[in-house]
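What follows is a single structure, written as structure tokens, with notes after it.
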Amino acid sequence: MKVLHTIAELRAALPGPQSCAFVPTMGNLHEGHLALVRQAKAHGLPVVASIFVNRLQFAPHEDFDRYPRTLQRDAELLQGAGCDLVFAPDEREMYPQAQTYKVHPDPALADILEGHFRPGFFVGVATVVMKLFTIVQPKVAVFGKKDYQQLMVIRRMVEQFALPITIEGGETRRSDQGLALSSRNGYLSTAELSEALALSQALRQLANAYRAQPVALATLEADACARLAARGWQPDYLTVRRRSDLQPPTEADAAGPLVVLGAARLGTTRLIDNLEF
């Protein structure tokens, strides 16, 4: 496996467009990322994983500066998972000039949920992913379902720009206790790691409650947030949405397919999770 730091090096290492499968990451890898690499590997193509902490998707008050940079460890994990090339550019390589040209996703999808609580987040995500797609030119790209809305934004972007890339979603990987694996779990104390299970439990309870009483969604969502807040969390949202467009379900949509999504802060760490049903 090779670790490459420049666009020129990466392009020289690939035979041409649509010659690889691609897994974009911000590093600080865990088993969820490695599962995406193995999923990409199943296509029988060389696998490229990128490691780049993208400043564009962080608000000024967020954790860009303290986000863990663990390239050596990440490279060892990627090699063990069967990755062929690691693209690990620095900011000067990715953004040699201020990135004034940006991709603005459809507000109907990108300005709700995560986009509402993190304004501009999906502009940063879509811009860096478009740039990475232009650099890598993969045939297939794999993104984790834990970032459910992000996966939808990327899929829509690829469709709208007619990019010749197949977008695949990888299932959320969880600990034995049920906690969704996340690079930000490393911020949690031992006690917080145990309490963090409450988020997925709250989502499951909300999904079950909606199945039983689909006409009272706003009340069910408010009650779910209140129960989590009573445990010391700061919920942004716990909500049931249609899988097709992340809009609230109507009575006719009650049978699904649906997804329940949540974001909440535990101490100083913001966690997200979702469950399809």
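The values are calculated or read from the model by the stated rules, or taken from the named source; none is laboratory data. For clarity, every value in this text was computed on a predicted model and none was experimentally measured. Reconstructed Cβ throughout: ideal geometry from the backbone, glycine too, with neighbour counts over all protein chains shown. We work out accessible area using only protein heavy atoms, side chains counted, and drop any ligands, DNA or RNA first. Shrake-Rupley method; radii C 1.70, N 1.55, O 1.52, S 1.80 Å.
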| message | Can you find a residue that is touching a strand residue (DSSP E or B) at 6+ places or on another chain (Cβ under 9 Å), open to solvent by less than 70 Å² (accessible area, probe 1.4 Å), under 21 Å from GLY169 (Cα atoms) and assigned to a loop (DSSP other than H, G, I, E, B) anywhere in the range 209-228? | response | no
| request: Within the range 187-197, count every residue that is assigned to a helix (DSSP H, G or I) and surrounded by fewer than 18 Cβ atoms within 10 Å (Cβ to Cβ). | output: 7
| query | Do any helices (runs of 4 or more DSSP H) entirely within the range 82-149 hold 1 or more residues that are open to solvent by less than 30 Å² (accessible area, probe 1.4 Å) and hydrophobic (A, V, I, L, M, F, W, C), and if so, which? | reply | 91-94, 107-110, 121-136
| query | So, of the residues in the range 158-174 that are outside any loop (DSSP other than H, G, I, E, B) and touching a Phe, Trp or Tyr at 6+ places or on another chain (Cβ under 9 Å), which turns out to be farthest from VAL123 (Cα to Cα)? | reply | GLY170
| task | Specify the residue that is surrounded by the most Cβ atoms within 10 Å (Cβ to Cβ); the eligible residues are those in the range 248-277 that are assigned to a loop (DSSP other than H, G, I, E, B) and in contact (Cβ under 8 Å) with a residue 24 or more places away in the chain. | result | PRO249
| In the range 157-181, residue most open to solvent (accessible area, probe 1.4 Å) [restricted to those that are of a type in the set (Val, Ile, Thr) and out of contact with any Leu (no Cβ under 8 Å at 6 or more places or on another chain)] | THR166
| remark: If we ask which residues in the range 57-79 are open to solvent by 50 Å² or more (accessible area, probe 1.4 Å) and not charged (D, E, K, R), their number turns out to be 6
| For the range 116-170, which residues satisfy the criterion of being under 18 Å from GLY262 (Cβ atoms) and over 13 Å from the mean Cα position of the chain (by Cα)? | HIS116, PHE117, ARG118
| query | Just one of THR239, THR219, THR269 is over 19 Å from the mean Cα position of the chain (by Cα) and at pLDDT 95 or above; which is it? | reply | THR219
| request: Mind counting the residues in the range 1-57 that are closer than 14 Å to GLY82 by Cβ and among the basic types (Lys, Arg)? | output: 3
| Could you give every pair whose Cβ atoms fall below 8 Å, whose first residue belongs to the range 104-118 and is farther than 14 Å from MET130 by Cβ, and whose second residue is outside any loop (DSSP other than H, G, I, E, B) and of a type in the set (Asp, Glu), counting only separations of at least 6 or pairs across chains? | PHE117/ASP236
| note | Of the conditions (1) open to solvent by 30 Å² or more (accessible area, probe 1.4 Å); (2) assigned to a helix (DSSP H, G or I); (3) out of contact with any strand residue (DSSP E or B) (no Cβ under 6 Å at 6 or more places or on another chain), the single one that GLN39 does not satisfy is (3)
| Does ALA8 count as more than 30 Å from SER175 (Cβ to Cβ), touching a Leu at 6+ places or on another chain (Cβ under 9 Å), open to solvent by 30 Å² or more (accessible area, probe 1.4 Å) and modelled with pLDDT of 95 or more? | no
| request: Determine whether ARG204 is open to solvent by 80 Å² or more (accessible area, probe 1.4 Å), farther than 18 Å from PHE143 by Cα, in contact (Cβ under 8 Å) with a residue 24 or more places away in the chain and among the basic types (Lys, Arg). | output: yes
| message | If I ask for residues that are in contact with a strand residue (DSSP E or B) (Cβ under 6 Å, 6 or more places away or on another chain) and closer than 21 Å to ALA191 by Cα, which ones from the range 243-269 would you list? | response | GLY262, ALA263, ALA264, ARG265
